[in-house]
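Okay, structure first, notes after.
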Amino acid sequence: DKSDLRRKMVFKRKNKQTTLKNLKSLFFPEGGWRRAIEYLSHRIKRLQDSPHRIALGLSFGVFASFSPLFGFHFVLGALLAYVFKANIFASILGTFFLNPITFPFIAAISFKTGILILDQFFNFKNDRNSADTWILDSEIKGLGVFEKFLVEVYFDKFIPYAIGGIICGIITGFIIYILSKSLIDSYQKRKRKRNKIKTKI
């Protein structure tokens, strides 16, 4: 079909992207991070919804980006937005808070916060030492790989990250809600004012 062929020619890149270029674009978008941020800002401004619902959706997306469930941030953000009647598309945009630049900071803060809380309130440091001893005993007894994986990955990494991520995600999401609601409300008021002036002319 000629129309399908023309459509493919229009949307197909002239220069095919290599794997190295695709990887580079994750850290350095073609238009730069400033342009990427401006694009997200533009998309948020164009959303047709109340400032509260848009800001709440953004905050759920940001909250989801602190989760250790990598690959499911879109789903988690959208699910929270659906349950609490927030803007689902805004929640998807909010998950872009996690990107190759912010990931090291989010991961480090979430993990350290989780460790701090678990050590402070649940004596996690002693539990980890006991777990390490149990791993050594298991290896000596010939028990093995699954138990070691469970303790080292799930117990030592996932649980602290999850707990720290929930706390940091709630705090960051709340800040994003307050700031974005004010900005969106201000933008929508200016837009309505401009539209009224245009209709009068």
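The values are calculated or read from the model by the stated rules, or taken from the named source; none is laboratory data. Not measured: the values here are computed from a predicted model. Every residue, glycine among them, receives a Cβ derived from its backbone with ideal geometry; neighbour counts consider all protein chains shown. What goes into the accessible areas is simple: the full protein's heavy atoms, side chains included, and nothing from ligands, DNA or RNA. Shrake-Rupley method; radii C 1.70, N 1.55, O 1.52, S 1.80 Å.
If a residue has to be outside any helix (DSSP H, G or I) and among the polar types (S, T, N, Q) to count, how many in the range 59-83 make the cut?
2
Go through (1) open to solvent by less than 100 Å² (accessible area, probe 1.4 Å); (2) modelled with pLDDT under 90; (3) more than 22 Å from Cys168 (Cβ to Cβ) one by one and return the number of the condition Leu40 breaks.
(3)
Quick check, is Gln48 open to solvent by 30 Å² or more (accessible area, probe 1.4 Å), at pLDDT below 90 and not in a helix (DSSP H, G or I)?
So Gln48 fits the description; yes.
Being open to solvent by less than 100 Å² (accessible area, probe 1.4 Å) and over 16 Å from the mean Cα position of the chain (by Cα) is the filter here; which residues of the range 152-178 pass it?
Across the range 152-178, the qualifying residues are Glu152, Val153, Phe155, Asp156, Phe158, Ile159, Pro160, Ile178.
Hey, could you check the range 98-115 for residues that are at pLDDT below 90 and surrounded by 15 or more Cβ atoms within 10 Å (Cβ to Cβ) and say which is nearest to the chain's Cα centre (by Cα)?
Per the stated criteria, the residue is Leu98.
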